[in-house]
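S.K.: Could you have a look at this structure, given as structure tokens, before my questions?
The values are calculated or read from the model by the stated rules, or taken from the named source; none is laboratory data. Just so it is clear, the structure is predicted and the values come from calculations on it, not from any experiment. For neighbour counting, all protein chains shown are included, and Cβ atoms are generated from backbone atoms with ideal geometry for every residue, glycine included.
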2 protein chains.
Amino acid sequence: MKEKRLSKNLRHQELVKRLDGNPLLTDEELAKGLGVSIQTIRLDRLTLGLPELKERTKSLASRVLSADSYPASLEVVGELLLCEPGIGGLSRLVAGEGMRLTRYNVIRGHFLFAQANSLAVAVADAPHALTASAQVDFIHPVKLGQVLLARARVIGKERRKSIVEVITKVKEQEVFRGKFLVITLEENQLMAEE
Amino acid sequence: MKEKRLSKNLRHQELVKRLDGNPLLTDEELAKGLGVSIQTIRLDRLTLGLPELKERTKSLASRVLSADSYPASLEVVGELLLCEPGIGGLSRLVAGEGMRLTRYNVIRGHFLFAQANSLAVAVADAPHALTASAQVDFIHPVKLGQVLLARARVIGKERRKSIVEVITKVKEQEVFRGKFLVITLEENQLMAEE
DNA sequence: TCCCTTTTTATGACTAAGTCATAGTAGTTG
DNA sequence: CAACTACTATGACTTAGTCATAAAAAGGGA
């Protein structure tokens, strides 16, 4: 019973993983993929409380529908226009609906931060990098619809640490400025300590 | 025959408009809404080339999926558990899918920032507040599924400025710490300068 | 008014992707 | 062997459709 149960648990894990990866899979496809019958999949979904295809699809879809009207739902953290690892980069972000403060057309600060942070991590010359700390200034409020152009420069580098400066402008007006300390990691470091 | 055709055309227009507004309507709901039979709606959809509910839902859903694989997609910036304006507050955020760095289970820094920033703005004792600057440290990587508890304290206040300190923990492990300078605004200031 | 055409409904047969309940089979294990 | 769990099969029902065909309703115009 041990291996059986194990194999069942493993299948459950795998099932969740697959549906996580692609919620649009039918029971039939899942059954084929996991080498069990369709009924087993249904049993699994039942015990795991996983909703059927229709529900999954619908919940995804309604996320799209509500995405724009709800307080904070960030779609993108900017489009990477240019990225020269170790040197600098450029990112563009249009301040959209859903990034704004309720009732006012001012964009919430963390969207500026997100754009800058993404850019800073991207330009750090390493396969995998994380932000360790940051000092940021929100110089001027940003309004709905404005185009945010963030420019990053790597201004310091030693071993595993890079210091990246990001300046974001709307047209010629500086709206944000930040210094990011980005550290680069090895894979084992990322995986270590559960 | 003119009015009839017109009324049919009008219905077609209305149909398209409704589906545009809410693609998740069933034929039945549409039929009721437009005061015709379900068969008529189906005929209409046929002649207008409008896909059935399943298709519409699916296409919306896959829009989400493709958006998710793109740089980053932020869902929430935390659930406000407690908020004592001018004093402090507490916010909870579960590190979900789509917040993580590609391929690794580490959550991107700006989600921590977003949670903390939202909280800092919320606890600033003012109807409308904005972050002016911040100093943040990402002390420890956060993994998928972990629960982020952010605690904010207002540690300084003068006229329009509040200084808020936010400390975020996963269980007892401190993972993020930041100081936010939050300024409060009058409505006219928010509205000024287009 | 009768006739003709268009429009609208109704009907039946079928599909996909499920639900739920029940029953039967296979494999392990005390 | 009996008992248990895990898996598979079966049948009846559901939703939200498809397609094709037929019948009813609603205009016209002569």
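S.K.: Hey, can you tell me all the residues within the stretch A:157-187 that are part of a strand (DSSP E or B) and among the basic types (Lys, Arg)?
M.R.: A:157, A:161, A:169, A:177, A:179
S.K.: Can you pull out the residues in the stretch B:166-176 that are at pLDDT 90 or above and surrounded by fewer than 18 Cβ atoms within 10 Å (Cβ to Cβ)?
M.R.: Within the stretch B:166-176, B:167 is the sole residue that qualifies.
S.K.: Restricting to the stretch A:7-31, and then to whatever is acidic (Asp, Glu) and within 15 Å of DNA strand D (Cβ to nearest atom), can you tell me which residue is surrounded by the most Cβ atoms within 10 Å (Cβ to Cβ)?
M.R.: So, considering only residues that are acidic (Asp, Glu) and within 15 Å of DNA strand D (Cβ to nearest atom), the one surrounded by the most Cβ atoms within 10 Å (Cβ to Cβ) is A:27.
S.K.: Also, I was wondering about something else. What are the residues in the stretch B:46-59 that are surrounded by 12 or more Cβ atoms within 10 Å (Cβ to Cβ), within 12 Å of DNA strand C (Cβ to nearest atom) and away from every other protein chain (no Cβ under 14 Å), if any?
M.R.: Result: B:48, single match.
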